[in-house]
Amino acid sequence: MFHKEGQKIIFITFLLVAIIVLSANYFIDIYWLKLLVQISALVFLIIVLQFFRNPKRNVIKTFDDILAPVDGKVVVIEEVEEKEYFKGKRIQVSIFMSPINVHVTRYPTSGQIVYSKYHPGKYLVAWHPKASEENERTTIVIKTPKFGEILYRQIAGALAKRIVNYAKVGESAHQGEDAGFIKFGSRVDLFLPLDAVITVKLNQKVIGAKTCIASIKQNED
């Protein structure tokens with residue numbers, strides 16, 4: 001299953017690869033060179049297909065947990081000053097996505113979307129400390145019944161040149177469902193309440209809509 005954001009690119013890539021493979025077959029007489037060109041074209045098609053893959057994730061929705069919005073690796077867990085919306089201290093959890101990760105953004109929790117804003121910006125490498133504030137990005141805030149307001153931010157990286165965001169103010173977010181897409185390597189930041197119980201560790205690999213990032217269950221004992 002492939003994401004709808006990749007349909008046009010996949011179609012164009014398939015046509016180009018087909019033209020290259022057929023052309024090589026007719027116009028290149030050197031066998032090893034012909035084979036090299038054809039295999040290279042097919043490998044490129046496979047890379048494009050795997051980048052836009054959109055695996056189905058069966059989610060048991062809960063208001064008690066914040067789930068990973070993307071696939072990737074946890075690169076930041078720290079208390080920070082969130083300057084755009086909260087203008088106060090929050091726990092930041094950042095997930096870095098390499099080009100080989102699934103790049104679908106999924107809602108980390110269910111609730112009402114109260115803020116959604118796009119910011120043009122730079123294209124610093126996604127793990128740069130200032131990427132969250134200076135790179136091209138979108139900021140989305142979801143009001144939840146138990147965590148209050150939580151914020152997630154899609155951030156472009158050095159290669160990512162397009163962020164797709166489906167979140168609209170006033171609409172409902174449903175945990176685990178498609179919230180957007182980021183093309184090529186990038187990252188997503190979560191900003192959570194200070195009393196949230198973080199359930200992941202630095203350098204841990206997480207799976208979107210599967211891995212629990214934070215919980216409030218322990219606070220209710």
Check: So how tilted is helix 7-27 from the main axis of the chain? Cα-based, degrees 0 to 90, rounded to 10.
Finding: 20
Notebook entry, point to check: Against the longest alpha carbon principal axis of the chain, how many degrees, from 0 to 90 and to the nearest 10, is the axis of helix 31-51 turned?
Noted result: 20
Notebook entry, point to check: Ignoring ligands, DNA and RNA, what accessible area per residue does the chain give at 1.4 Å, in Å²?
Noted result: 52
Check: Where does the chain land at 222 nm, in deg cm²/dmol rounded to the nearest 500, when only DSSP H runs of n ≥ 4 count, each adding -39500 (n - 2.57), divided by all residues?
Finding: -7000 deg cm²/dmol
Notebook entry, point to check: Which percent of the accessible area of region 1-149 is formed by carbon and sulfur heavy atoms (probe 1.4 angstrom)?
Noted result: 65
Note to self: Cα atoms only: what Rg and Dmax, in Å, come out for the chain?
What the structure shows: 19.9, 74
Checklist line | Dipole-positive endmost among F11, M1, I66 within the chain (Cβ charges, Cα centre) | finding: F11
Notebook entry, point to check: What accessible area, in Å² to the nearest ten, does a 1.4 Å probe give for L194?
Noted result: 90
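The values are calculated or read from the model by the stated rules, or taken from the named source; none is laboratory data. Since the structure is predicted, the reported quantities are computational estimates derived from the model, not experimental observations. Positions of Cβ are backbone-derived with ideal geometry, glycine not excepted, and every protein chain shown enters the neighbour counts. SASA here: full protein model, heavy atoms, side chains in, ligands and nucleic acids out. Shrake-Rupley method; radii C 1.70, N 1.55, O 1.52, S 1.80 Å.
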